[in-house]
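A short reminder: the numbers here are calculations on the coordinates, not readings from a lab. Owing to the predicted nature of the structure, the values given are computational and were not obtained by experimental measurement. Note that each Cβ is placed from the backbone with ideal geometry, even for glycine, and that neighbours are counted across all protein chains shown.
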Amino acid sequence: MTKLKLTWQQEIYNAAAGIRRRVMEHTIKNNGGYLSQACSSAEIFATLYLNILNIEKLKGPLVPGDFPGVPGPNNDSYFTGAAFNGRKSKTYDRFILSPSQYSLVLYTTLIQVGRMVENGLDEFNKDGGVVEMIGAEHSPGLEIMTGSLGQGISQAAGIALARKLKNETGRVVLFLSDGECQTGQFWEAVQSMSYHKLDNMLAYVDINGYQCDGKMTTVMNIEPFDKRLEAFGARVFRVDGHNVDVLAALGKLKPDGRPTFILCDTDPCRDIDILKKRIPKLHYVRFNSEEERETYRIEYKKINKSAR
């Protein structure tokens, strides 16, 4: 029987489903994980890595190394996690993850798309390893320490300005979460990006509506987010963050002198309905009892079975 070839959209949706399953499996196994972030952002990450990012194709999946020590002039063994995105060049894109609580989602994406080995999460959050729960510049897929939320965009803007000055054609593609856009540093960065006409910057923002302290609009409302960004001189599109056709199309726009923001309205419980019981406290899943963890195991088995 001939196996039907999947469309590129189907491949992305399958990858997104795989990202969610991997994060859910990890969360159950480790009694904790950033599961709602995977629910909301899986299509964004899958589309970035399978359709949008212009990065080097690897010969095969990479194995996470040991912690190389802090950077410095006397540390020849130091490295960043950028190798998982391939070599740097004038024409390749640079991917920057800003909210480090999405590190687990990034790691599972790298596994799902064949850039990190299947057992890459075995070293997750272990001493001496680089697969850190809160990713650092040496962690797979990362190349900067984003520090407190809101700092990633400033570093990305600095890289984008340097690339402009060096006449490099590659873009700086940035992933943000909605909560970090409440910070003053975020808005200062947007103002700088607009002033310097950094149209080599493309930012995808996961707007799932929740953050550590609950619902976004009750902590600090930033709506109408798109209008505010436009007032700062950015080119802005607001879309369904689970629609890969739209996500991919906007990733191929020609530059027009402005930094581009893709605001992605998403569902933090997408495909894992059991999470709805936790609303509005969705930021991190830790089970209160073995019985609660078992309910997630049962849900995972259902989701995993339906995917076959």
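General remarks:
- Modelled FRET efficiency - R0 25 Å, Lys164 with Ala231, Cβ distances, 0.05 increments: 0.60
- Modelled FRET efficiency - R0 45 Å, Thr218 with Phe79, Cβ distances, 0.05 increments: 0.60
- Highest average packing first - 131-140, 159-168, Cβ atoms within 10 Å: 131-140, 159-168
- Sparse-neighbourhood loop sites, trypsin sites (Lys or Arg not before Pro) in the range 1-63 - DSSP loop, at most 14 other Cβ within 10 angstrom: Lys3, Lys5, Lys57, Lys59
- Alpha-carbon centroids, the range 172-197 and the range 259-308: separation in whole Å: 28 Å
- Of the trypsin sites (Lys or Arg not before Pro) found in the range 175-264, those that fall in a DSSP loop while having at most 11 other beta-carbon atoms within 10 Å are Lys252.
- The range 234-308 - Kirkwood radius from inverse mean 1/r over Cα pairs (Å): 15.5 Å
- Other residues with beta-carbon under 12 Å from the beta-carbon of Tyr13 carry, at +1 per Lys or Arg and -1 per Asp or Glu, a net charge of -2.
- Principal axis dimensions, the chain - Cα atoms, whole angstrom, descending: 55, 48, 47
- The modelled label-to-label distance for the pair Ala249/Asn54, using points 7 Å beyond Cα in the direction of Cβ, is 2.1 nm.
- This ranking places Thr91, Thr295, Thr146 by how few other beta-carbon atoms lie within 10 Å of each, fewest first, which gives Thr91, Thr295, Thr146.
- Here the dipole of the chain is about 840 debye; that uses its Cα centre as origin and unit charges on the Cβ of Lys and Arg (positive) and Asp and Glu (negative).
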